[in-house]
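Single-structure report; data block below.
The values are calculated or read from the model by the stated rules, or taken from the named source; none is laboratory data. Nothing here was measured: the structure is a model prediction, and the numbers come from that model. Cβ placement follows ideal geometry from the backbone for every residue including glycine, while neighbour counts extend to all protein chains displayed. With ligands, DNA and RNA removed, areas are computed over all heavy atoms of the protein, side chains included. Shrake-Rupley method; radii C 1.70, N 1.55, O 1.52, S 1.80 Å.
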Amino acid sequence: MDTKPCTSGPGENAVTITRVADRQWHALDDDLVVGRGHAQHRPDGRLFVSIDAWHESTFDRLAEAMVAELPAPLHTVVDEADAELTAGWRRAGFTVRRREWEYAVPTDPRVTGLEAVLPPSGVTIVPAGQADESLLRAVDRAIRDEVEAVVGWQSMPAEVIPLPDGDTVVDPSKYAVAAAPDRYLGLIRVVRVIRPRIGLLAVRTGEQRRGIARALLAHALGTLHRSGCATAWTEVQESNRAASALFEGIGARPMSSNLELVR
């Protein structure tokens, strides 16, 4: 543990910035904690930072200390409606990298228009919890490799925690899949914690534009509707026009937006 004091200037209460643990900082006014900073590596290797501070000056001092000690590039995510927090990161030299919209998605097929949607010929939908794990991991890896080769997986909104061996399918029971006789062509992951969330919807590159994504979505939303859930949630990167069109076409409404900033 090390300490690097940074005191405020004349006319202000003295604030000391202390590194209290690996990638953790406290702002202290005498013995009172008036701000906290934290840094964490995400599964894709990027370093994300966060600050919770009572005052603007304290935020700036924490940001200054963290930026000085952490390797670039640094990332953070903020609610776009939080203008004060966004301004704080901008003062620290961060710029907007991308915008991500959160959508409220209706599940009622009479609202979504997905009631009569079926998968294309030769494709079946395997419900969540019934997929073959080896084929599921194979399609997950294939899709990730395809995305990585084009735009990079870090451009995707879905966050997953890989297992020690690098496997990104944390809980196979959360996935429904689109299956051909010899392999899986696409997948959808729905997680129910506080509210149902569509964390991932993807189809192999060579199988796109066949209606597989709509069929997966129809299945997942129909399952949620029958279980009593009226609304699901998902996040879509603003530049992903195809995904935005898919969700908006079934009546999904953008409710809020997040900004990813980078320095």
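For (1) open to solvent by 60 Å² or more (accessible area, probe 1.4 Å); (2) in a strand (DSSP E or B), each residue gets a yes or a no:
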residue	(1), (2)
Val170	yes, no
Arg189	no, yes
Ile198	no, yes
Ala202	no, yes
Gly206	yes, no
Ala215	no, no
Thr223	no, no
Gly228	yes, no
Leu246	no, no
Could you list, in sequence order, all residues of region 78-128 that are within 23 Å of Ala245 (Cα to Cα), acidic (Asp, Glu) and out of contact with any Leu (no Cβ under 6 Å at 6 or more places or on another chain)? Asp79, Glu100, Glu102, Asp108, Glu115
Go through region 105-126 and report how many residues are under 22 Å from Gln208 (Cβ atoms) and assigned to a loop (DSSP other than H, G, I, E, B). 10
Those residues of region 35-91 which are touching a residue at least 40 places away in the same chain (Cβ under 8 Å), basic (Lys, Arg) and touching a His at 6+ places or on another chain (Cβ under 9 Å) amount to Arg42, Arg46
Exactly one of these conditions fails for Val96: (1) open to solvent by less than 80 Å² (accessible area, probe 1.4 Å); (2) within 30 Å of Gly249 (Cβ to Cβ); (3) at pLDDT below 95; (4) in contact with an Asp or Glu (Cβ under 7 Å, 6 or more places away or on another chain). Give me its number. (4)
Which ones in region 230-242 are in contact (Cβ under 8 Å) with a residue 24 or more places away in the chain and surrounded by fewer than 21 Cβ atoms within 10 Å (Cβ to Cβ)? Ala230, Thr231, Trp233, Glu235, Gln237, Glu238, Ser239
Test set (1) more than 30 Å from Leu221 (Cβ to Cβ); (2) assigned to a helix (DSSP H, G or I); (3) open to solvent by 30 Å² or more (accessible area, probe 1.4 Å) - Ala63 fails condition number: (3)
